[in-house]
Structures are given as C-alpha cells and as structure tokens.
1. Taking θ as phi - 60°, what are the ³J(HN,Hα) couplings along segment 8-21 by the Karplus curve (6.51, -1.76, 1.60), each to the nearest whole Hz, with x for Gly and Pro?
2. Apply the Karplus parameterisation 6.51 cos²θ - 1.76 cosθ + 1.60, with θ equal to phi minus 60°, to every residue of segment 32-46 and state each ³J(HN,Hα) to the nearest whole Hz, in sequence, with x for glycine and proline.
Amino acid sequence: MPPSTPCLVLVEPDPASEIMNAVMDALSAHSAMSKQALESEQLRADMKDVLPGVGAGQLWEGLREKGAGVGARA
C-alpha cells in the first residue's frame, strides 16, 4: 500500500466570522492597553506627553468641532 500524501484543502474565509474575529482581537488589545494604563501612572504621563502643546480642553473642543463637521456632511 503506497504511503498517503498529505492533502491541503483551501477553504474560502467566511467574511462574517473574520469580522467577528477582528473585533474580538481589537477588544482584547484595547482591554490590555487600558489595563496597562490604569495600572501605570508613568504610562498615563507618557500618553499625556504625546499631545504636546494641546491642553485637554483644546483637544476636546477640537475633536467636538471635527465630529460636528463630519455630521454636517452626512
């Protein structure tokens, strides 16, 4: 009896499953990053330093204006 040859079967991905997997992966990554930020004062300070020259109030207002502009175009 000849030895069996491995067979590679290609299966077309299911878009709905792939989207769900991507969402779950993103949730996992964001949860891990949030946990790290909650547990590290230094990390939170570093995150704040990423926004040089932008005060928290200015950042919020800028995002709000940008969001209002997006809504107006829809």
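Read-outs: derived from the displayed coordinates by stated rules, not from any lab. All of these numbers come straight from a predicted model, not from anything done at the bench.
1. For segment 8-21, the Karplus-derived couplings read 9, 10, 8, 10, 5, x, 8, x, 4, 5, 5, 5, 4, 4 Hz, x marking Gly and Pro.
2. Coupling constants for segment 32-46: 5, 5, 5, 4, 4, 5, 5, 8, 10, 5, 5, 4, 4, 5, 5 Hz.
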